[in-house]
1. Over the Cα atoms of segment A:196-294, what Rg and Dmax result, in angstrom?
2. Identify, among B:Val120, A:Ser192, B:Gly307, the residue whose Cα sits farthest towards the positive end of the charge dipole of the protein assembly as shown, taking +1 on the Cβ of Lys and Arg and -1 on the Cβ of Asp and Glu, with the dipole about the Cα centre.
3. Run the dipole for chain B about the Cα centre, Lys and Arg Cβ at +1, Asp and Glu Cβ at -1, nothing else charged, and hand back the magnitude in debye, nearest 20.
4. Report Rg (one decimal) and Dmax (nearest whole number) for segment B:95-147, counting Cα atoms only, units Å.
5. If you take the alpha carbon radius of gyration of segment B:358-516 and divide it by 2.2 N^0.38 Å, what ratio comes out, to two decimals?
6. Can you compute the equivalent ellipsoid semi-axes for chain A, i.e. the square root of 5 times each eigenvalue of the Cα gyration tensor, sorted largest first and rounded to whole Å?
7. What average number of partner chain Cβ atoms lie no more than 10 Å from the Cβ of the residues making up A:67-78?
8. To one decimal place, what orientation-averaged projected area in nm² is obtained for the convex hull of the Cα set of segment B:246-339?
Amino acid sequence: MAEVASRESTSEIGAELRQLASLLLATLEGRRKLVWWCLLAAATACMGIGVFACWELLRRGVGVWGINHSVAWGVAVVTFVFWIGIAHAGTFLSAILHLLHQPWRTAFSRLAEGATLLAVLCAAMFPLLHLGRPWLAFWMLPYPNTRGSLWVNFRSPLMWDFVAIATYFIISVLFFWLGLLPDLAALRDRASSPAVRRFYGRLSLGWHGGERLWTHWRQVYDLLAGLATALVISVHSIVSWDFAVSLVPGWHSTIYPPYFVVGAIFSGLAMVITLSLLGGRVFGFRRLVTVEDLEPVAKLLLAGSCFIGLVYAAEFFHAYYAGDPFETAVFQDRLFGWMVIPFLLTLVGVVLAPQLFWFGGCRRSVPALLFVSLAVNVGMWCERFVIVVGPLQIGFLPGTQSLYHPTWWELGPILGSLGLFAAGLLVLFRIVPPLPAAEWKWRLLEERLPNLWIREDSTL
Amino acid sequence: MGDEIANREGRSERDRRRRTLAERAPGRTGPVSHEGGRLPTEAVSGDSSLERRSFLRLSGAAVGSLFLEQCSRGPTEEMIPYLVPPEDLVPGEPIYYTSVCGGCTAGCGVLAKCLDGRPVKLEGNPNHPASRGALCALGQASLWELYDSGRALPPRQAGREVPWETLDFSCLKALEEVRRRGLGVTLLTGTINRPSLLNQLQRFAERWEAAWYSYDPISVSAVAAAHERTHGLRAVPDYRIDRADVLVGVGADFLGHWMAPVEFAQGYRDGRQLETSRLRLSRHYQFEPYLTLTGARADFRYLSAPGEEPYLLAALVRRVAALLGRPLSLPPLADPRLSLEVLDDVADHLVASAGRSLVLCGAQNPAAQVLTNLLNEILSNYGRTVEIAYPSFRKTGWEADLETLRKELAAGDVGAVIMVRCDPVFELFWGKELASHLDGLPVSVLVADQPTETADHVRFFCPEPHYLERWEDSQPTARVTAPAQPAVKRLGSTRPALETFERWLGGQRDDLTIVRDYWREKVYPRQVGVASFEQFWTESLAKGAANIRPERVSVSAFRMEALESLGDLMVPERSALEGESILVLHPSNTIAEGRHSHNPWLQELPDPITDSSWGPVLRIPKSPFQATLTAQESPFGVQLETQEREFRLTALEIPGQHSAVVAAPLGYGRPDTDRLQHLVGPIDRGRVGGSIIGVNLFTLVTCEGGFFQYHRPVRWTHTEAVKPSAALPGSKFPSDREKERPLEVFVRRMTLAELLSQRSSEAVLEEAPNLWPEDHGPSGRHWGMAIDLGACTGCGACVVACQAENNIPCVGPEESSRGRLLHWIRLHRYHLEDFGDREDWIFQPMLCQHCDRAPCEVVCPVLATVHSSEGLNEQIYNRCIGTRYCANNCPYKVRAFNWFDYRDTYAANGEKPGLNPEVTVRTRGVMEKCTFCVQRIQRAKIEEKLTGEPLAVQTACQQTCPSRAIVFGDLNDPEDPLAGYVQNPRRYRVLAELGTRPSVFYLALVRNQETRRKSDG
C-alpha cells in the first residue's frame, strides 16, 4: 500500500537531508562570533560577582542578606521559584507537545531543554545558599546514617520539594541526552579530529542509526515524554506546596498548584522566545528559525497570560469572599501597601504586556516578541516576590510586621545565576547543536514522503 | 634519649645538626611520645658518616614528625582536684548567695546563682521584704557588668595606674595639704542607703570637716521638701501601694523608674487580684503628660501638661474637703483644664476609700507636693498607705545645696572634691563647668565601679568592685535592713568604698569586718527574739534581710500652716511661647537615668512604649500642632533647640501624649558607650570607630528653687536626620495598621462587670472544634504557662532575665533595626482606641507558645524541631540546618535565627565566664527559641527523683516578674496553681482559631472602669 519512492527522488531526498544536516550542524563549527565572545565575557563577569557574593555569604553567614525574623525567606527563594519556573519550558515543549504531535515545537525544543537543565542548576543553588548551615545540606538526603532513628521529615514540603526537583533534574538530563543521541552520532561521524570523534562517540553511546535502534529510541522517547509530562505538572505543584501547606495568610491557598504550574510554563515559554531570538543571532540559525515559528508560542503566552489574570482575580475574590481578616490584609497590602510597586510591575509584565499578541503583527514582530518575553519574565519574578515576601511582611501579629529590603550581597547570587545560565547555554550549544537535527530530518522526510510514518507504524 | 645522644663522643658537625632536628621532635622532655620516640635511635644507629639517602630519609622523617607534632593534641595541662574539696561546692550544682541588688538605689534582694564558682544568673530573693522575689530589668542586667571587660580597672592617679598604697599615700598627703591651705573638703555623693558605708562616710566627713552634698540624677527632692514643711522631716515617705484601693498618680511613674519599681509593682499587683476567690481590684487614676508604663496600666488616664499639677491637686483637695465636710482655706489657684466630672469622680472614689487610698505626685514642685500631702492627710492615709514615720531612703539627694558647691568651686574655696558612686560631670546640667573645676583641683577623687565621664576629670580614681564582689549592707526603707554579700572573689584590683574610706581613716579592717562591726553595734540591738550575734548574722545572711524592729523616726503632726505659704512654693516657670513645645525629660524605660547605659542587655531591650532600642527617641504627640509636620511620615529627624544648644533626635509619633508636650529620655549619650559598637553584634563586619549612643539631655535639666526641673519649653523643627538616633525595627505603632484586624485574637479585655456577672469567656472564646483525635497528647506532664495581661506592666524584666538565663547574645544597633533581635520573649504593645476619646494600652509578653499542633514541627525537613512527651516544643540546635521554614510558619513569630556567629562577641567582651553552662551556646545558622527553661525543668526532675519532693519549676521570666504576671506549671495536674488560671473565665489563647493549640494561655485584661462605684462592701 505504500507508495514506493523512485530512486531519483530518494537520492534527491538524501541530498536534501545531507544539506539540512550540514546546515544544522555547521553552527558548531568554525570560528566563534564576536558576539559570542562578548556575551561569554559578560556572563562570566556576572558569575564572578555571584561567586564573590556567595563567598562572602558563606564566610560571614546568611545575615549579610536583608532577611529578618519576620521575613525569613527573601529574594533567594523568589529566584529559586523563578528558575524552577523557567525550567518548565523545555519539558513542556519536548514532552507534552511531542505527545500531542505538535511539529512546530522542534524549532526550539533543544534550546528549551538546554535551558531547562541550566535553570534547574541555577534554581538548586538558592535553597542551598540560603541555608543557615549550607555545609550540612546533605542531611536532607534520606540516607542510612549513624544517628540512630534520626531520619528526614517526610511531612515537610521542603523534603517533597527536594525529591521533586532532584527527580525532575534526572529526568530532564535523560530526556535531553536521549534526544541528543542521533545528533551526537552525526557529529561523531562528521568529526575531523580523533579526539572530537572519541568525545562524541562516547556521548552517543554507540548510536549506529539502524532501523531497530530508531524504533527503540522512539519508544523510549515516548515513554520518557510521558513520565516527564507528569513531572511538569508535579514539580511546580510541589514547589507551590512550600507555600500552600503553610499557615501564612496569603500562602495558605488551594489555588496555588495550578497557578504555579501555569505560571511556570508561561515564564518558561517567554524565556524560550527570548532565547530563540537571541540564539538565532549568536549561533547563526537565524535563517532556519524565523519569527513565524514563534507564533504558536506567542499564542500560548497570550493564553497563559489570560489564565494568570484570571487567577489573580480569583485570589482577590477569595480573600474578599472568605472574609479572613489576615488574608484580606495581605491583599490590601498588594493594592495599597508595601507591595504596590512589585504588584503593579507584575500586572504590567504578566497580564498586560502579552495582550499585544492579540494582534498578528505583534506576534510576528521581533521587537514586540522580545519586549513581551522580557516583560513577562520580569513580571514573573516580581510576582514571585509579591507571593513570597508580601505575606511574610504582613503575618498575623501586628507587632511582627516588618519591612524587607534586599542587600547587595543578596542580589549578587542572582546576578551570578543569570551569568551561569547564560554562560552555560553559550558553552552548551557550542558542544551540541541548538536545533534538533535528527528531528528536523524526520520532519523533512515526512514532508517529502507523507506516508512514511504510516509505513513505520505498520511495521511495529 | 636526647641526652644519650649528647653523651656520645666524636660526633661530626652534621651529626650535631641532625641532633638538633631530632631534639625538636616531640618527646624531647618527659615521656617519649609515639611519633617522636623512634627518631633519635635511628639517627645514631648507623655509623657517624651518613649516606646522602639516609640523611634525606632522616630529614624527611624529622620534618614529618614536626608536622605530626602539630597534629597531636595540645599541651597537657594538669587538672588537680581539690585536695580538700570545699564542703559545699559540688561541680555543676548551683549555689545561691543572698545579696542586695546594686542596679539602682531601690535595694531589692537578689539571689546570685553561682555555678562552679561563677555567678551566672540573678534571681529575686523571695525572702526580701521589699522586692519579694522579683527583680526588674536593670537588676537582671546588672550581672553583665560583673564580666564587663571595660570595668575591671586598676586605681589611677592623674591618669596613670598606681598601686593602692601609692594612691592612698598621695591622696591623704594632698588632703592634708588642702586642709593646711585652709581650703574646703567636699563630699559629693549620689543616694547612699548603705548604713555601714554611710557610717564610714560620716566618720570621714567629721575627720576632714568635709561638707557633704548629695543629689539624685532623677530627683524627688520636692517630696522631701514638702514633708519638711508638713511633717517637720525632710524625707521621702514609704508608700504602701499594696494597701491602696484607690490610687491617684499625678505625673508619678511609679511602675516605671520612680524610686522602687519592683516593690511598687508588687504592691500594685496585690491590689489587683482576680484569679483568687477573694476578688480585689484597685482603682487607678493617672494624670500625666506623656505615656508612661504606669499610665498605660491605669484604669483611667488623663492628660495634663507639666506644671499643671498644683492646680489639679488644689481642685482635687477642694472637692475632697467638701465631700469630707472639712472646710479648708486654700490660696486661690486656677482650675486645671480638665473636665469637672473627672475630678468629681476621682474625689468621690478617694473619699469612699479614705484610709485605703493613695495620692502620688511626681512633680518637682513643692507646692504640688504639699497639696499631695494635704490630700493624703485629710484622707487619713498617713500611717496607712503613706508611712512618713518609717521613711524611705531610696532617694535622699538634696540638690538645693549644689548651688552652694557651685559657687564655692567658682570662688576657689574648695580644695578637694571626693565623689562617691555618682557621675556628676555627666548627670549635672553644669557638668562641663564642674569638669573644668575638677581638672584644676589639688584633690579630686571618684569612688565608683565604672570608668565614667567624671573619672576622666579626677586626680584619684578609686575603682570599686561590682556589688557581687563586696560586702555591704542596705537600708532602702526604715522597715528593711539587709546584708549584701559577695558571690564571687574580686576579679580585678578593685577595692570597695568601705575599705577605701577605712584606709583613709587609718583603719585596716576589710569590708566584711566593717559591716559585721557595724551590724553588731547598730543593727543587732534592734533584732527581734533572743539570739547571739553570730546566729543573727547567719540568719540574716541566709534570709537576705535582717529580722529587726523598724526604726521609727519622730515626725510632727500635719502642719496646716504649710498651706499658707503655698504661693511661695510654686516653682517659677517660663510658659511655652508660640511655636514652642514643652520638652519633658524622663528616665529611659530601659536604661533608667543612664548609669547602666554601657550595658548591652539594657541597650538592646526595646522600649516598651516606642519599641526602639540602642538610643533615645523623641516622642511627639500623635497630632502635632505644627501643621507642617503632620504631613511627615513618622519616624523622622527632629532638631531640638533651646537657648543654649541644639540636639538632633529621631522623632516618633506616640499616641496618648499631651499636644503641647514632647518627651525625650535621659541617660543616653555617655561617652563610654562608643565601645559597645565593638562589643556586640557580629564583630567581623568591619565596623571601625564607634560612636556614642544617643545624646546627653541632662544638660537641659534646670534647677529652679532648688529642685531639678525635668521639663522646659523648646522649639523643635523637622530636619533631615543623618542617621536614626535609635534602632527602630521598622514596625510602626501597631494601631496604625491594626484597624482592619480583629484584635480579639491577640489581646482581650473585659470589664469588671462582665467578669462579675460570670459571663465566662468560655462562651465568648469558644475554640474551633478539633477534628484530630486527641490520641497522642502528653499523657504524663504537660508543661504550660499562663500570662495575666491584667498584671503585666511591660517593664521588660522577663526579657532580660531570659537573656541572662539562656545565653542570648546581643546583636547590636544595626541588627536591631533590621528586626533581628534574638530575644526569646518580647513585649508586644497594643493601642486600642474606643469609647470615643478613651484609649487603652495592653502589653503582651510573646514567647514560644509550645503548640500541641506546632506548625513549625511539620515543616522542618530534618526534624530539628520536635515535640517532647511533656508537651514541649523542642529545638535541636545541632540538627538544625537553617531553612527558616519554621520561622515563616510560626504565626507568633517567636523563632529567632542566628544570622551570624555571635560566639566571638562573648569572648570579646569578657562575658564568656558569665554564660550559663546549663544552656548550649548556639552557633551560626541555627534557629532558636524559648524552651520553657528546659534546663530548669530537667534539674527539677532530677531533684524530684533524688529527693522525692514535688516538682517546683519556675521559668526565668516567671521568677523575675515584679507583677507576678507569669505562671508556669503542669496543665495535666489539677492541683497545680496553673489550673486556676487555665480554667479562669478570662483565659484565652492567641490566634486560637488557627488550631495550633498553644500551651500558653493569656488572661484577659480587666480594668476597673465602672462609672458608678458600687456601694461599699
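Any read-out appearing in this document is the output of simple, stated calculations on the displayed coordinates, not a laboratory observation. Predicted, not measured: the structure shown is a model, and the values here were computed from it. Note that we place each Cβ from the backbone using ideal geometry, even for glycine, and neighbour counts take in every protein chain shown.
1. In Å, with Rg to one decimal and Dmax whole: 20.1, 58.
2. Value computed over the given set: A:Ser192.
3. About 1120 debye.
4. So, for segment B:95-147, Rg and Dmax equal 10.1, 30 Å respectively.
5. Compactness ratio reported: 1.30.
6. Square roots of five times the eigenvalues give 42, 25, 22 Å.
7. Mean shielding count: 6.
8. For segment B:246-339, the mean projected area of the Cα convex hull comes to 7.6 nm².
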